[in-house]
Amino acid sequence: MMYVVEKISDCKATLAALRHDGDTNKRVGFVPTMGYLHAGHASLIERARAQNEVVVVSIFVNPLQFGPNEDLDKYPRDLQSDLALCERLGVDIVFTPTVATMYGQEPTVLTRVHVDRLGEHLCGASRPIHFDGVCTVCAKLFAIVSPNYAYFGKKDAQQWRILRQMVQDLSFDLEIVPCPIIREEDGLALSSRNAYLSPKERHTALILHDTLVSLEQKVLVHREFDASRLIAQAVEQIDRAPGVRLDYLSIVDDRTLSPIDRIEPEKDVLIAIAAYVGTTRLIDNVEIRVER
Ligand code: AMP
């Protein structure tokens, strides 16, 4: 039986009933989403299902994490098909709050959660309020659901690292579980925003993954470690491609998320890209580590 709840109090009450079983507390796995679910989301839900007795999915398009000129109003939605997928995957509770439920009729939430430093580069640089919005909604959702584990996709490389920091700094009693990026057969990372792409743009969008694979090869196979040079060459290529506007391409330290000039052996680095294909902003990344 799957419960679909819209109110915070209902979500808490339903969870309390499912969580407590005599003296034992069941493990609760939580997958926060903005809906329009695809196989990437499904992989997180399956992982949560495998590791917990109770699985909660939230579906909430969070206005706090969208900038004024972003796609909040046209963000794709399909609650019926989302619920059908959740049901198939054996989700226990789907939490579908409205904006008023989360933030009041007038925005009455005066609190923002901000994580320093980790949001300075990559997506944080071009989306200044984005991660404060993500942290604020996740802090609120974590307070409502009190999960033992919260599952996030590595597609949003900066997001799960920032949330891991928030959880540590604010002593949330849960673990952030990063999960692998699910891709189409040709390499395009699944995203709800792929729905915006025309067939031609869908083809053009391959440049994100292709760029990452080629950089990964240059580093791991050809052992080119000059990060600034690698980036400059790749950027030049992307700039020549029609229909794409690069937001950023960066090689950053996996821990600090700050750009590095040189890739050192035995240090984890992240190569991350964001680009507009037409008007659609897409992101992707790979984690690499050079052995000595
Ligand atoms: P969203 O609905 O876009 O906010 O995403 C909800 C969660 O699904 C986030 O943790 C994302 O990182 C994750 N996610 C989105 N796309 C993918 C993907 N292609 N592979 C794995 N996880 C994903």
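Just so it is clear, none of the values below were taken in a lab; they were calculated from the coordinates. Remember, it's a predicted structure, so these values are computed and weren't measured experimentally. Backbone-built Cβ (ideal geometry, glycine too); neighbour counts: all protein chains shown.
Quick notes on this one:
- Förster radius 41 Å - calculated FRET efficiency between Ser171 and Arg223 (Cβ-Cβ, nearest 0.05): 0.45
- Dipole of the range 3-179, positive end: most advanced residue of Leu83, Ile93, Cys135 [Cβ charges, Cα centre]: Cys135
- Each residue, Ala13 and Asn25, gets one label point 7 Å from its Cα in the Cβ direction; the gap between the two is 2.2 nm.
- Relative to the Cα centre, the charge distribution of the chain, modelled as +1 at Lys and Arg Cβ and -1 at Asp and Glu Cβ, gives a dipole magnitude of about 100 debye.
- Cut-off 20 Å, label 7 Å out along Cα→Cβ of Arg202, residues of the range 254-292 by amide N: 275-284
- Counting only DSSP H runs of at least 4 residues, each contributing -39500 (n - 2.57), and dividing by the residue count of the chain, the helix-based mean residue ellipticity at 222 nm comes to -11000 deg cm²/dmol.
- Members of Lys154/Lys200; Lys140/Lys200; Lys200/Lys267 lying beyond 28 Å, as alpha-carbon distances in this model show: Lys140/Lys200; Lys200/Lys267
- Inter-probe distance in nm under a simple model that places probes 7 Å from Cα toward Cβ, at Met2 and Glu184: 2.5
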